[in-house]
1. Can you list the equivalent-ellipsoid semi-axes of the chain, largest first and in whole Å, using the square root of 5 times each Cα gyration tensor eigenvalue?
2. Taking R0 as 22 Å, what's the FRET efficiency between ARG35 and ASN110 from their Cβ-Cβ distance, rounded to 0.05?
3. In segment 50-133, what is the count of Lys pairs whose alpha carbons are under 15 Å apart, counting only pairs at least 8 residues apart or on separate chains?
4. Express in nm, to one decimal, how much length is gained between LEU187 and GLN26 on full extension, taking 0.36 nm for each residue of separation and deducting their alpha carbon distance.
5. Round to the nearest 0.05 the FRET efficiency obtained for ILE60 and GLU155 when R0 = 30 Å and r is the Cβ-Cβ distance.
6. Would you calculate the separation in nanometres between label points at ALA135 and ASP172, each defined as 7 Å from the Cα along the Cα-to-beta-carbon direction?
7. To make sure I understand the rule: partners must be aspartates and glutamates, Cα under 16 Å from the Cα of LYS168, and not fewer than 8 residues away in the same chain. Which ones qualify?
8. Could you do me a favour and compute the accessible area per residue for the chain, 1.4 Å probe, result in Å²?
Amino acid sequence: MKDQMLKVAIILGSTRPGRNGEAVSQWIYEIAKKRSDADFELVDIKDFNLPLLDEPISPIMGQYTKEHTKIWSAKINSFDAYVFVTAEYNHGIPGALKNAIDFLFKEWNNKVAGFVSYGSAGGVRAVEQLRLVMAELYVATVRSQVQLSLFTDFENFTKFRPAPYNEKSVSDMLDQVISWGGALKILRTKNH
Ligand SMILES: Cc1cc2nc3c(=O)[nH]c(=O)nc-3n(C[C@H](O)[C@H](O)[C@H](O)COP(=O)(O)O)c2cc1C
């Protein structure tokens, strides 16, 4: 039964020293872990030490030559759904996150994603971009999202103190990710 549970990755998308993303993704993970309808794992892209994309063949072919790509591919392939925790850098997603996404293709296909963002305007501009990127990878994106403000959910823009009402947004987003994740898992089973 346990191995039939939906596997959801909470992907930490910023890599710089002192990043706020660590506290945000840990908070999401703690809330998610209390649920019994899916298995959750925190995936920190920093741990994978990916260089700027260095595969000679387009990822769409899945012919990886580098060990770091194979390790990243196996990790991402093992999930049914993703929750991206993203900062907003210059109104877009962090370059490190885009690079990590670009390394792979089929591993993402026919799965679902939800979003958690933070920034002065809740990081919403980064998520709008990320939704377009996901569309190219055949990833379905859910409507509910968690948007955290640097002004009201952090002290001095660095100490994460999420306002309590955000927990409802996390639950709504996870409900949708799990619901669509189950539907797309059936599709993937049929296709194979
Ligand atoms: C390179 C860079 C660009 C940024 N650009 C924006 C921005 O366009 N909009 C915004 O709301 N915050 C912006 N910020 C502030 C970030 O939202 C804030 O520093 C956040 O903590 C970054 O995430 P991180 O700490 O996980 O790296 C920027 C920060 C950096 C480092």
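The values are calculated or read from the model by the stated rules, or taken from the named source; none is laboratory data. The shown structure was predicted, so the numbers you read here are calculated from the model rather than taken from an experiment. FYI the Cβ positions are ideal-geometry reconstructions off the backbone, even for glycines, and counts take in every protein chain you see. Each accessible area value is taken on the protein alone, full model and side chains, heavy atoms only, with ligands, DNA and RNA left out. Shrake-Rupley method; radii C 1.70, N 1.55, O 1.52, S 1.80 Å.
1. So the three semi-axes of the chain are 25, 21, 14 Å.
2. With R0 = 22 Å, the Cβ-Cβ based efficiency is 0.45.
3. 4
4. Gain on extension, LEU187 to GLN26, equals 54.9 nm.
5. It comes out at approximately 0.10.
6. Placing both labels 7 Å along Cα→Cβ, they lie 2.3 nm apart.
7. GLU30, ASP153
8. On the way: 9700 Å² over 192 residues.
On a per-residue basis, the chain sits at 51 Å².
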